[in-house]
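Shown next, in structure tokens, is the structure this report addresses.
The values are calculated or read from the model by the stated rules, or taken from the named source; none is laboratory data. Because the structure is predicted, anything quoted here is derived from the model rather than measured. With ideal geometry, Cβ positions are generated from the backbone for all residues, glycine too; neighbour counts draw on all protein chains shown.
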Amino acid sequence: MMIRDNGHATQTPDTGGELMNTSTVPAYVVGLIADVQINEELFDYMEAVETSMRRFRGRWISHGRTPEIREGELPGDVVIIEFPDLATAHAWYDSDEYQAIIPLRTHNSRAVVAITEGVCEPTTRPTRPSGACVVSPPHESPPRGGGLVRGRPVTTTVK
């Protein structure tokens, strides 16, 4: 288990594990797009979204791909854009530039759009200790606001 805060991380003294670099926790804008009508308005949107996201250091992870469904139903194609961090993803989505082009998409498709934070990348360089947010092992999330994970107390930053 790792604790992180302000771009610094440390291995918790009693658990071991790899160190995490939290100065680069990416964020993702994920869109599920359905009932797409291909026309000039949509082409204008696609061109403008590319320009706007690059101004915020966004990059395509998946663009309009139809995923292989293994469980459940997914009503459409998947679009994923990666940003350097959560604040940058929010700044892009809330920007006047992006807000101005949203109607070009909504007039020509149905979509669900979400913004989510990624996970810390492993690093081999130790950094100074801190203690606001816990990065848990894969497949185990600490409770929002803190609690117990595997019987150990954890705290998380709640915004």
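Scanning the range 53-70 finds one or more residues that are under 19 Å from Thr116 (Cα atoms) and part of a helix (DSSP H, G or I).
Of the candidates Thr51, Thr66, Thr22, the single residue that is modelled with pLDDT under 95, loosely packed, with under 14 Cβ neighbours inside 10 Å and not charged (D, E, K, R) is Thr66.
Yes/no matrix, rows are residues, columns are (1) over 16 Å from Val30 (Cβ atoms); (2) under 11 Å from the mean Cα position of the chain (by Cα); (3) among the charged types (D, E, K, R):
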| residue | (1), (2), (3) |
| --- | --- |
| Arg59 | no, no, yes |
| Glu73 | yes, no, yes |
| Val78 | no, no, no |
| Leu86 | no, yes, no |
| Ala100 | yes, no, no |
